[in-house]
């Protein structure tokens with residue numbers, strides 16, 4: 001079934017995208033003959049890390065090969081618009097009143113040019129590069145887990161075979177080493193689906209961000225919106241599972257001396273700050289780890305081109321060292337991909353376990 | 001007097017970038033010291049009790065990841081100073 005799925009994806013990709021893929025961008029060729037493009041490290045790194053309205057695959061000579069992605073915006077001024085992002089490159093950059101702002105508050109985002117010249121940012125529902133990568137990774141996760149689940153349903157008592165043997169140790173690891181010790185033997189099963197989903201979502205998206213060619217390479221978990229939503233899931237689940245003693249102890253913990261609670265409620269303030277700080281730190285930790293890893297790996301890689309600008313032989317010479325460093329950073333990134341998924345899941349389990357604790361005895 | 005004021009206004013952006021660089025360096029020092037201490041204690045604990053290697057290793061990695069989170073928070077602030 002995986003073979004059927006992947007072959008159908010490949011056929012769909014070939015049929016729908018190849019004609020557009022071959023339609024290269026000729027305007028860039030004209031601009032580049034006027035002044036040869038100098039290598040800009042910052043641009044290279046930030047283009048790989050940021051979201052964009054098209055998926056840039058390669059630059060061959062002066063032509064850019066990219067997959068155009070649909071742009072769907074709803075403007076308060078002129079209603080619903082749907083078009084492919086290649087239209088934003090035709091003409092002088094404006095299509096139907098919309099353009100990608102090149103500076104100001106809405107830099108690199110789609111804005112509508114009003115008749116008096118000001119910019120209006122519409123409701124942007126576009127399928128950008130990150131959203132496409134999200135769909136691809138969702139399809140991958142569903143394929144893996146639905147086939148594993150079907151195998152468990154059909155041959156329950158047999159030895160694991162195929163992709164089941166990859167997934168089973170990880171699932172058992174999360175169940176036995178993360179969920180049970182943190183949440184407790186009685187209630188961990190209720191939270192196990194969430195913990196497994198979060199772990200595999202973060203792990204597989206981290207890994208896909210490391211693959212340098214399509215459909216990988218979109219920095220999804222390095223997007224702070226995605227990590228913020230994951231941390232908000234943890235926050236909501238923790239808050240809704242909070243037992244009575246959890247909330248009461250936050251404001252009035254019987255174990256701490258009175259001068260910390262009155263006249264200035266120091267401990268309650270610290271505890272309530274902690275409630276909001278924990279998801280925030282989860283967000284920042286995942287986002288910064290993944291993005292910083294990508295920046296460092298790309299920085300090592302662009303050393304070659306920086307040195308080549310000075311002299312072509314310096315470029316060749318530094319390439320050995322640079323490739324060695326990049327490979328090392330890539331391996332470190334693989335480790336970080338797993339560790340960050342593990343730490344996010346572990347901390348979520350710990351917070352849920354803390355919220356579920358029932359204090360049975362007070363002094 | 002006016003020269004000093006003009007110099008200060010002109011140097012504002014430059015001093016901000018220098019501050020960002022120093023902040024990032026300090027964050028790296030802090031993370032290095034913290035994780036170095038964790039690694040040292042973990043290795044000593046393994047030497048004392050070699051059969052607890054698995055437990056000690058996972059606790060060490062968890063503690064290192066938490067400290068790295070704080071260091072990355074400082075890095076993000078320095079990044080924002082640089083580019084905003």
According to a simple spin-label model (label point 7 Å from Cα along Cα-to-Cβ), what is the distance in nm between residue A:159 and residue B:48?
4.2 nm
Given 0.36 nm per residue, what is the gain on full extension from residue A:334 to residue A:244 after removing their alpha carbon distance, in nm?
28.3 nm
Taking a label point 7 Å from the Cα of residue A:272 along Cα-to-Cβ, the residues of region A:238-261 whose backbone nitrogen sits under 12 Å from it are A:250-252
What number, in percent, do you get for the relative contact order of region A:94-235 if the mean sequence gap of Cα pairs under 8 Å and at least 6 apart is divided by its residue count?
17 percent
So if I restrict to the alpha-carbon atoms in region B:39-84, what is the Rg, and what is Dmax, the biggest pairwise distance, in Å?
15.9, 51
Along the Cα→Cβ direction, 7 angstrom out, place labels at residue A:123 and residue B:11. What is the inter-label distance in nm?
5.2 nm
Hey, what number do you get for the protein assembly as shown at 222 nm if only DSSP H runs of n ≥ 4 count, each worth -39500 (n - 2.57), divided across all residues, to the nearest 500?
-23000 deg cm²/dmol
Cα pairs beyond 27 Å in region A:163-294, in percent, come to 37 percent
Cα long-axis angle, helix A:266-310 against chain A (0 to 90 degrees, to the nearest 10):
30 degrees
For region A:70-126, rounded, prolate or oblate, judged on the Cα gyration tensor with a ≥ b ≥ c (square roots of eigenvalues), a/c < 1.5 rounded, else prolate if a/b > b/c?
rounded
Helix B:53-83 sits at what angle to the longest principal axis of chain B, using alpha carbons and giving 0 to 90 degrees rounded to 10?
10 degrees
Work out the FRET efficiency for residue B:3 and residue B:73 from their Cβ-Cβ distance, taking R0 = 30 Å, and round it to the nearest 0.05.
0.15
Give, in nm to one decimal, the length gained when the segment between residue A:92 and residue A:225 is fully stretched (0.36 nm per residue of separation minus the Cα-Cα distance).
44.8 nm
Please find the FRET efficiency linking residue A:311 to residue A:114, where r is the Cβ-Cβ separation and R0 is fixed at 51 Å, and quote it to the nearest 0.05.
0.50
Inter-part distance where region B:4-72 and region A:87-154 are each reduced to a Cα centre, Å
36 Å
Express the relative contact order of region A:209-363 as a whole percentage, based on alpha carbon pairs under 8 Å and six or more residues apart in sequence.
34 percent
Relative contact order for chain B, counting Cα pairs under 8 Å that sit 6 or more residues apart, in percent:
48 percent
Rounded to the nearest 10, the angle in degrees between the Cα long axis of helix A:312-356 and the longest principal axis of the Cα atoms of chain A comes to 30 degrees
Across the residues of B:70-77, average count of Cβ atoms on other protein chains within 10 Å?
4
Full extension between residue A:190 and residue A:145 adds, at 0.36 nm per residue less the Cα distance, a length in nm of 14.3 nm
Cα gyration tensor shape of region A:130-356, rounded if a/c is under 1.5, else prolate or oblate by comparing a/b with b/c:
oblate
How many angstrom lie between the C-alpha centres of region A:167-193 and region A:291-363?
26 Å
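Read the figures in this text as sums done on the coordinates, not as results from a lab. Small disclaimer: the values here were computed from a predicted structure and weren't measured. All Cβ positions, glycine included, derive from the backbone under ideal geometry; neighbour counts span all protein chains shown.
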